[in-house]
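The values are calculated or read from the model by the stated rules, or taken from the named source; none is laboratory data. Note that the coordinates shown come from a computational prediction; the quantities given were computed from them, not determined experimentally. Please note: Cβ atoms are built from the backbone with ideal geometry, for glycine as well, and neighbour counts cover all protein chains shown. The accessibility values were calculated without ligands, DNA or RNA, using every heavy atom of the protein model including side chains. Shrake-Rupley method; radii C 1.70, N 1.55, O 1.52, S 1.80 Å.
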Amino acid sequence: MQQTPQMPGATCHLVDMAAQCQGGEKPFHIVSPLLESLSLSQAAGIQVYMKLENVQPTGSFKIRGIGHLCQEAARKGCQHFVCSSGGNAGMATAYAARKLGLPATVVVPSSTGPSTVHRLEELGATVEIYGKVWDEANQRSLELAQNEGWASIHPFDHPLVWQGHASLVLELKDVLDTKPDAIVLAVGGGGLLAGVVAGLQQVGWLDVPIITAETWGAHSFHAALKAGHLITLPDITSIAKCLGAKTVSARALQCAQEIQIISEVVEDAEAVRAVEKFLDDERMLVQPACGAALALIYSGRLQKLQHEGRLQNPLGRVVLVVCGGSSMTAALLRDLKSQLGLE
Ligand code: PLV
């Protein structure tokens, strides 16, 4: 494999930087925009920057880590990818597989909507619907991964996935003059969290706290942090199915030993209202998983944390990871609102 040469000077060019962090091979993700949001800043009473992962190929941050894992698996000679997913990890796998000229099977639970299944098929994946929640689909994908030449592409629990996601922080480091006072992100199985922690460690931003968002009924990280050990939720009852891992990865819990993590949980209704408000404010339609993180800003939780003295430094500027919106449509937003009895 060819190594990308080191760029001269203190700041390296972003595209080359993205290539370098993937070990020299051109990654499938883009260097995503980082924009200040006036409406979010107004709502939060602090400067809010949006890291727009919703504009990545396939519509979420997942392509960073999953793309990297697929590239590495292909390099080692794998013939077929299999991924269990609530949607986005599957789409990233299907996209990477297509780029690499390999077939992909995506196992989704029945809670994954038909439009997501359709999109996966459009991307060329074979879709198998198995079980009610992601954890059951994952069991099936592990079985399929026993096939000769098949590689299991885990949606969140793999070091190469974290390494790929870490590129998000390297990009922040490249464009921000000073480190942010906090990073706000959603947690499902904890892959994004583990990747951002890896990135913070790589750039030496060890004192940047992370504020995590989940919805009640998909709050496996919050439960684990509170208990001090992994907790398996009895079921996923939240509508944010993309946050729906009944147990987070062990690495996610371990991250809390290495960096300050404050875990917050919102109601489904808050997440869906935040999706709608964000659409009006920023004209971008995201999914409830992302709405959970947005809800922390809109509900004034960040200021509350500050007033409660839970943050070491006052918040001046935060980065919010706008994690994805691939499976959203106007009709789905209307459905979710009526399901939750909103207007
Ligand atoms: N979604 C996974 C797991 O689902 C998937 O298969 O796509 N925001 C969005 C838009 C997501 O799609 C996900 C994960 C997350 C946040 C949470 O990321 P994680 O799992 O790395 O914490 C069951």
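How fast does the stretch 86-217 diffuse by Stokes-Einstein, in µm²/s, taking the Kirkwood radius from C-alpha pairs at 20 °C and 1.002 mPa s?
Working: Rh = 16.3 Å.
Once the numbers are plugged in, D ends up at 131 µm²/s.
Taking the Cα centre as origin and putting +1 on Lys and Arg beta-carbons and -1 on Asp and Glu beta-carbons, what dipole magnitude results for the stretch 154-288, to the nearest 20 debye? Can you show the working numbers first?
Details: 9 positive and 17 negative charges, 83 e Å.
Around 400 debye, computed over the stretch 154-288.
Among beta bridges from DSSP that stay inside the chain, the antiparallel ones total about 10%.
Placing +1 at every Lys and Arg Cβ and -1 at every Asp and Glu Cβ, with all other atoms neutral, what dipole size does the stretch 25-172 have around its Cα centre, in debye to the nearest 20? It would help to have the intermediate numbers written out before the result.
Numbers: 11 positive and 13 negative charges, 52 e Å.
It comes to approximately 240 debye.
Shown in residue order for the stretch 49-57 are the 3J(HN,Hα) couplings computed by the Karplus curve 6.51 cos²θ - 1.76 cosθ + 1.60 at θ = phi - 60°: 9, 9, 8, 7, 6, 5, 9, 5, x Hz (x for Gly and Pro).
When a/c reaches 1.5 or more, the comparison of a/b and b/c decides; with that in mind, is the stretch 212-300 rounded, prolate or oblate per its Cα gyration tensor?
Numbers: a/c = 2.54, a/b = 1.70, b/c = 1.49.
Prolate, because a/c is 1.5 or more and a/b exceeds b/c.
Using alpha-carbon pairs under 8 Å, 6+ residues apart, how would you state the relative contact order of the chain in percent?
Computed value for the chain: 18 percent relative contact order.
Above 19 angstrom, tally the Cα pairs of the stretch 123-200 and express them as a % of all pairs, no decimals. Here the long-distance tail beyond 19 Å is 51 percent of all Cα pairs in the stretch 123-200.
Counting residues in the chain as N, plug N into 2.2 N^0.38 Å and put the Cα Rg over that result. It would help to have the intermediate numbers written out before the result.
Values: Rg = 18.8 Å, N = 343, 2.2 N^0.38 = 20.2 Å.
Ratio of Cα Rg to 2.2 N^0.38 Å: 0.93.
Taking the charge dipole of the chain about its Cα centre, with +1 at Lys and Arg Cβ atoms and -1 at Asp and Glu Cβ atoms, the residue from A274, G300, L144 reaching farthest to the positive side is L144. Under the convention that each Lys and Arg Cβ holds +1 and each Asp and Glu Cβ holds -1, the size of the dipole of the chain around its Cα centre is about 220 debye. Name the shape class, rounded, prolate or oblate, that the alpha-carbon gyration tensor gives for the stretch 102-149, where a ≥ b ≥ c are the square roots of its eigenvalues, rounded holds for a/c under 1.5, and otherwise prolate holds if a/b is larger than b/c and oblate otherwise. Here the stretch 102-149 falls in the oblate category. Rounded, prolate or oblate: which fits the stretch 146-290, taking a ≥ b ≥ c as square roots of the Cα gyration tensor eigenvalues, rounded meaning a/c under 1.5, else prolate when a/b beats b/c? Since a/c stays below 1.5, the shape of the stretch 146-290 is classed as rounded.
Residues in the chain average 40 Å² of solvent-accessible surface per residue, probe 1.4 Å, ligands and nucleic acids excluded. Element breakdown for the chain at a 1.4 angstrom probe: carbon and sulfur atoms account for 51% of the accessible area. Projecting label points 7 angstrom from Cα along Cα→Cβ for K226 and D207 puts them 3.1 nm apart. Take the chain and mark each of the trypsin sites (Lys or Arg not before Pro) that is in a DSSP loop with at most 10 other Cβ atoms within 10 Å; the longest unmarked stretch, sites excluded, is 77-282.
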